[in-house]
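To start, I am sharing the structure in question, which I have written as structure tokens.
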Amino acid sequence: MSQKKFLLGLGAFSSLAITLFALQKLILNDFPSKSNIAMIYFLYASALLATLHTAIFWLRLELLETRGCGLPKNTPRYIDYCITIIIAVGLFQINFSEDSMAKYITTISGTKQDILTNIQNAAQKHLDTDCKPDSGLLVEVCESMGRENCKQKKRFTTEFCMKTAEILNQKNMENYILEVTSKDTEYLNHPIEFIATNGGPQAVYSPLKRFVNQLSSSVEYSKTSINSESKLALNWIIIILLPLIIALRALKTSVEIFGKL
């Protein structure tokens, strides 16, 4: 057992030295060339895997010699906790996600000009179709499923139509929407239709509400100042930690199989 323990200790020391050498190349000033970075990275990952395995099984032999028992039975669970903590580091990326969110909004909703065009079209449709005197402004709105509680209520009120027209009358539509319309919750939350559901009448809102929200979010996230250097540094740290996560996961399996836990 002593010889096996010696070999494991020697292996742990050697692989640790290689790990530190490769890690120093990856994160300190002595960076590898572009052609060598993949080789250094996989050397680091392999050496890290070997370090953890040889170290844990050296510890197992040490505990058997000194205490007469191997690794604690909860060791795999402790390894799981370590993996979770390391993965949680990735959550810090949310602090640098504003530009990604802005690009996502553009992908889903279109550019700022596309959203403004959607707002203009939706507002014009309301004025051309829904706000005319003969367009059937009165619709039946049920406060409950019982017919006796139904009443007549205007779907497109005069105030709603006037505010919609005001959007189209602006020379700087974007600024008006951001400064006025987006803050007018009564206007945006004005129901234009009610549909019957099992839970009662369900309000339907103008598509203007969705488009105004898209525009506000797009502008807000686009204006956010991001420290690109910090973001790139964090991304690189996460790449460096990835082999550690893989090594710990493999270590957990090895401990469960060969450590008899």
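The values are calculated or read from the model by the stated rules, or taken from the named source; none is laboratory data. Since this is a predicted model, take the numbers as computed values, not measurements. So basically every Cβ, Gly included, is an ideal-geometry build from the backbone, and we count neighbours across all protein chains shown.
I need the full set of residues from the range 25-79 which are more than 17 Å from Phe258 (Cα to Cα), charged (D, E, K, R) and surrounded by fewer than 16 Cβ atoms within 10 Å (Cβ to Cβ), in order please.
Answer for the range 25-79, where residues must be more than 17 Å from Phe258 (Cα to Cα), charged (D, E, K, R) and surrounded by fewer than 16 Cβ atoms within 10 Å (Cβ to Cβ): Asp30, Lys34, Glu65, Arg67.
Moving to a separate point now. Can you list the helices (runs of 4 or more DSSP H) lying wholly within the range 157-227 that have 2 or more residues being closer than 30 Å to Asp99 by Cβ and modelled with pLDDT of 90 or more?
Where helices (runs of 4 or more DSSP H) fall fully within the range 157-227 and carry at least 2 residues being closer than 30 Å to Asp99 by Cβ and modelled with pLDDT of 90 or more, they are 173-179, 185-188, 207-223.
Right, another one. If you scan the range 88-130, which residues turn out to be aliphatic (A, V, I, L, M) and surrounded by 14 or more Cβ atoms within 10 Å (Cβ to Cβ)?
Residues satisfying the conditions are Met101, Ala102, Ile105, Ile115, Leu116, Ile119, Ala122, Ala123, Leu127.
Moving on to the next point. Test Asp114 against the stated conditions and say whether it is charged (D, E, K, R), part of a helix (DSSP H, G or I), free of Cβ contacts under 8 Å to residues at least 24 places away in the same chain and out of contact with any Phe, Trp or Tyr (no Cβ under 9 Å at 6 or more places or on another chain).
Spelling it out, Asp114 is indeed charged (D, E, K, R), part of a helix (DSSP H, G or I), free of Cβ contacts under 8 Å to residues at least 24 places away in the same chain and out of contact with any Phe, Trp or Tyr (no Cβ under 9 Å at 6 or more places or on another chain).
Taking Gly11 as meeting all but one of (1) surrounded by fewer than 17 Cβ atoms within 10 Å (Cβ to Cβ); (2) in a helix (DSSP H, G or I); (3) at pLDDT 85 or above, write down the number of the exception.
(1)
Sticking with this structure for a sec: What do you reckon, is Glu140 at pLDDT below 90 and either assigned to a helix (DSSP H, G or I) or among the charged types (D, E, K, R) (or both)?
For Glu140, the condition - at pLDDT below 90 and either assigned to a helix (DSSP H, G or I) or among the charged types (D, E, K, R) (or both) - is met.
Which residues, taken from the range 155-212, are among the basic types (Lys, Arg), under 31 Å from the mean Cα position of the chain (by Cα) and closer than 17 Å to Leu127 by Cβ?
Answer for the range 155-212, where residues must be among the basic types (Lys, Arg), under 31 Å from the mean Cα position of the chain (by Cα) and closer than 17 Å to Leu127 by Cβ: just Lys209.
Ok, one more. Would you tally the residues in the range 174-201 being out of contact with any Ser or Thr (no Cβ under 9 Å at 6 or more places or on another chain) and either aromatic (Phe, Trp, Tyr) or over 19 Å from Glu159 (Cα atoms) (or both)?
Qualifying residue count for the region: 9.
For the range 220-232, does any single residue satisfy the condition of being exposed (fewer than 14 other Cβ atoms within 10 Å of the Cβ), in contact with a helix residue (DSSP H, G or I) (Cβ under 6 Å, 6 or more places away or on another chain) and not aliphatic (A, V, I, L, M)?
yes
Please enumerate the residues belonging to the range 60-84 that are closer than 21 Å to Leu16 by Cβ and either among the β-branched types (Val, Ile, Thr) or at pLDDT 90 or above (or both).
If the condition is that a residue be closer than 21 Å to Leu16 by Cβ and either among the β-branched types (Val, Ile, Thr) or at pLDDT 90 or above (or both), then Thr75, Tyr78, Ile79, Cys82, Ile83 are the ones that fit.
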